[in-house]
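Trainee: There's a structure below that I have some questions on.
Values quoted throughout were computed directly from the atomic coordinates according to the rules given, and no laboratory measurement underlies them. The model shown is predicted, which means the values in this text are computed figures rather than measured ones. We place every Cβ from the backbone using ideal geometry, glycine too, and count neighbours over all the protein chains shown.
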Amino acid sequence: MVDNPPKPGDLNASSRTSGNPFLRITGLNKSFGGVQALKDVDLEVYPGEVHGLIGSNGAGKSTLIKILSGDIQKDSGDIFLEGERLAIHRPQDAYRLGFSFIHQELNLIPKFSIIENLSLGFRKPTRFGLIDWKAVQRNAAQVVERVGLTHPLDTPVEELSVADQWLVSIAHALMREIRVISMDEPTASLSSEESERLFKVIHDLTTEGVAVLYVSHRLDEILSLCDGISVFKDGLCVLTTDRQHATKKSLVEAIVGGQVSDGDLTPLTDIDARPVVLETKGLSRGEKVVNVSLSLHRGEVLGLGGLVGSGRTELANLLFGIDRPDSGEILLEGRAFAPRSPSEAIKRGIGLVPEERRSQGLILKDSVDFNVSLTNLKSLRIRKYIFLLNRRLSAKITNAAIKRLQIKTPSIQCPVVNLSGGNQQKVVIGKWLSRELKVFILDEPSRGVDVGARAEIHAKIRELAAEGTGIIVISSDNEELPRVCDTVMVMSEGRVVGTLKGKEITKEAILYKSFEHPALERG
């Protein structure tokens, strides 16, 4: 744990000084087919600066980062580092320049241990022609201590929480000397304490002169952390400013080009009078979920709040049949419900948008049409030919989802991997829209999603609830739950520590409850 970590607002408040920029980009252009992803983009980042990149999903931020990383090639424009024009044709070129990239969707090997993941891609010290793992371990031990990762180095990454996997990715970037580091939504899966630890690491890096490109949709975080801020919209850099002259209102207006309508998010007042669609009684699984009882009413949006690791996702896994409970019971519309698999849960009218959309909710290389069809394979099957699907009906369902969720895609055959993060999230949601769901569980539905798409998703949640679906929203964003939920249950250490309704649902109340420790109270 970091002692007295600096507040984000204390980080390099005056790093944007006169003089030459450390990293300078001029007239950068990139198009994909007929779509102009970047249009004459200019960007300057100064030594030891945290520079925020914000904008809607698909605005051009990721394209810029991919050009810097060598994953894709620019059409025109120049990139300079300390005044020297760069030629970045492949990832190895970026690596040699001291560029490091931590992507929002983690690129770890689950079966490998922490130390094996940390050493990937780096030259390892050798003795007698063999890898000197003791030397690797000494280096790795220093790096994991720096980021506050406490697990043994031989722990398989698949056994770690998403938050700890993020820390492994950050540690991997610090295994060598770096000059520029890009972080894409680094705090999206981190607790407040883990975020403070990350800010301390960023402070140390910038003190050493490292430039940090910081991509985030959390505007409060951008305003407190970043020295310079660039806003992207439709491939253009529409605003460049500094922290002293930026406001949340000015950034939102630049991102969306006007005001964002949140739709009708009015919470219900007659919840208790509505029929209960889902109920749990004393549901438990090890220490992850302990004696949880809840009632979800028809048309209700029930939020699950709490810190990362509080048991919320584990509870969702029990409801969706991914895991089996040790004790307790689940009732669906008053009848016993014990799903042995997700497919059984789906048959009974349960849908799930998982926390990790890319690894758990999508088949990235396949098309939008294929992904939307995944939950409807049985109804789409041509009976005479078991392995053939009714493509006309499939296209109709997919186009309906695209229209309803305003998914931005060139066509229904576009591979999902080519879509922005927000549009990928809409595809995950869209594949459930053609099914008659009784219960819809959304785990971190707006993580890594821009302001506009976030408002659209919130409005869609309320719309589905108004149609009678019982909805469970899991979120680590304590500002999201008050906006969209009728009821919020706060969990800590696998237990429900408080329930909030109506006007009781505030960011402060959720945060206060999140830090309760039921184990200590029992002692």
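Trainee: Dimensions of region 203-352 along principal axes (Cα, Å, largest first)?
Mentor: Computed over region 203-352, the largest-to-smallest principal extents equal 58, 40, 26 Å.
Trainee: What is the projected area of the convex hull of the Cα atoms of region 211-254, averaged over all directions, in nm²?
Mentor: Taking a quarter of the hull surface, the average projection is 3.1 nm².
Trainee: Taking Cα centroids, how far is region 40-86 from region 431-508 in Å?
Mentor: Their Cα centres are 35 Å away from one another.
Trainee: Can you check what the net charge comes to around Val35, using other residues whose Cβ is under 14 Å from the Cβ of Val35 (Lys, Arg +1; Asp, Glu -1)?
Mentor: After counting each charged neighbour, the total is +1.
Trainee: Between the helical axis of 391-405 and the dominant principal axis of the chain, each derived from Cα atoms, what acute angle in degrees is found, rounded to the nearest 10?
Mentor: Once rounded, the angle reads 70 degrees.
Trainee: Sorted from largest down, what three extents in whole angstroms do the Cα atoms of region 76-219 have along their principal axes?
Mentor: For region 76-219, the Cα extents along the three principal axes come out at 45, 44, 27 Å.
Trainee: Next question. Angle check, please: helix 133-147 long axis (alpha carbons) against the longest principal axis of the chain (alpha carbons), in degrees 0 to 90, nearest 10.
Mentor: Rounded to the nearest ten degrees, it is 70.
Trainee: What residues qualify as long-range amide H neighbours of Ile88, i.e. H under 5 Å apart, gap of 5 or more or another chain, H built at 1.01 Å from N?
Mentor: none
Trainee: If you take every residue apart from Ile109 with its C-beta less than 12 Å away from the C-beta of Ile109, what net charge results, scoring Lys and Arg +1 and Asp and Glu -1?
Mentor: Net of charged neighbours comes to -1.
Trainee: Give the angle, between 0 and 90 degrees and rounded to the nearest 10, that separates the Cα long axis of helix 192-207 from the longest principal axis of the Cα atoms of the chain.
Mentor: 10
Trainee: Still on this model: Taking H placed 1.01 Å from N in the peptide plane, check which residues at least 5 places from Ser182 or on another chain put their amide H under 5 Å from its amide H.
Mentor: Counting only residues 5 or more places away or on other chains, the set is Ser100, Phe101, Ile102, Leu213.
Trainee: Quick one: compute the contact order of region 356-435, relative version, from alpha carbon pairs under 8 angstrom and 6+ residues apart, as a percent.
Mentor: It comes to 43 percent, rounded to a whole number.
Trainee: Please return the longest stretch of the chain lacking exposed loop sites, where GluC sites (Glu not before Pro) count only if DSSP places them in a loop and at most 13 other Cβ atoms lie within 10 Å.
Mentor: 288-435
Trainee: Expressed in nm to one decimal, what extension gain is obtained for the pair Thr499 and Arg392 from 0.36 nm per residue of sequence separation less their Cα-Cα distance?
Mentor: Contour length minus the Cα-Cα distance gives 33.9 nm.
Trainee: Give Lys248/Lys501; Lys61/Lys460; Lys347/Lys426; Lys233/Lys438; Lys248/Lys408; Lys248/Lys281 a once-over and call out the pairs whose C-alpha atoms are over 32 Å from each other.
Mentor: Lys233/Lys438; Lys248/Lys281
Trainee: Let me ask something additional. Of the chain, which part is the longest with no chymotrypsin sites (Phe, Trp or Tyr not before Pro) in a loop (DSSP not H, G, I, E, B) and with at most 16 other C-beta atoms within 10 angstrom?
Mentor: Answer - 129-514.
Trainee: Another one. Treating only the Cβ of Lys, Arg, Asp and Glu as charged (+1, +1, -1, -1), what charge dipole size does region 356-435 show about its Cα centre? Round to the nearest 20 debye. Please report the intermediate quantities before stating the final value.
Mentor: On the way: 16 positive and 3 negative charges, 72 e Å.
Using Cβ point charges on Lys, Arg, Asp and Glu, region 356-435 gives about 340 debye.
Trainee: Determine the equivalent ellipsoid of the chain by diagonalising the alpha-carbon gyration tensor, then write out the semi-axes as square roots of 5 times the eigenvalues, largest first, rounded to whole Å.
Mentor: 38, 28, 24
Trainee: Could you give me the radius of gyration and the Dmax of region 356-435, taking only the C-alpha atoms into account and expressing both in angstrom?
Mentor: Rg, Dmax (Cα atoms, Å): 12.0, 38.
Trainee: Considering Cα pairs under 8 angstrom that are at least six residues apart, work out the relative contact order of the chain and quote it in whole percent.
Mentor: That works out to 16 percent.
Trainee: Based on the Cβ-Cβ distance from His89 to Leu153, what FRET efficiency comes out when R0 is 30 Å, to the nearest 0.05?
Mentor: Rounded to the nearest 0.05, the efficiency is 0.30.
Trainee: Hey, if you put +1 on the Cβ of every Lys and Arg and -1 on every Asp and Glu Cβ in the chain, which of Val276, Ala94, Ser224 ends up farthest toward the positive end of that dipole?
Mentor: Most positive-ward Cα: Val276.
Trainee: Return the aspartates and glutamates within reach of Lys431: Cα separation strictly under 20 angstrom, same-chain partners fewer than 8 residues apart disregarded; answer none if there are no such residues.
Mentor: The qualifying aspartates and glutamates are Glu344, Glu355, Glu356, Asp366, Asp369, Asp443, Glu444, Glu456, Glu463, Glu467.
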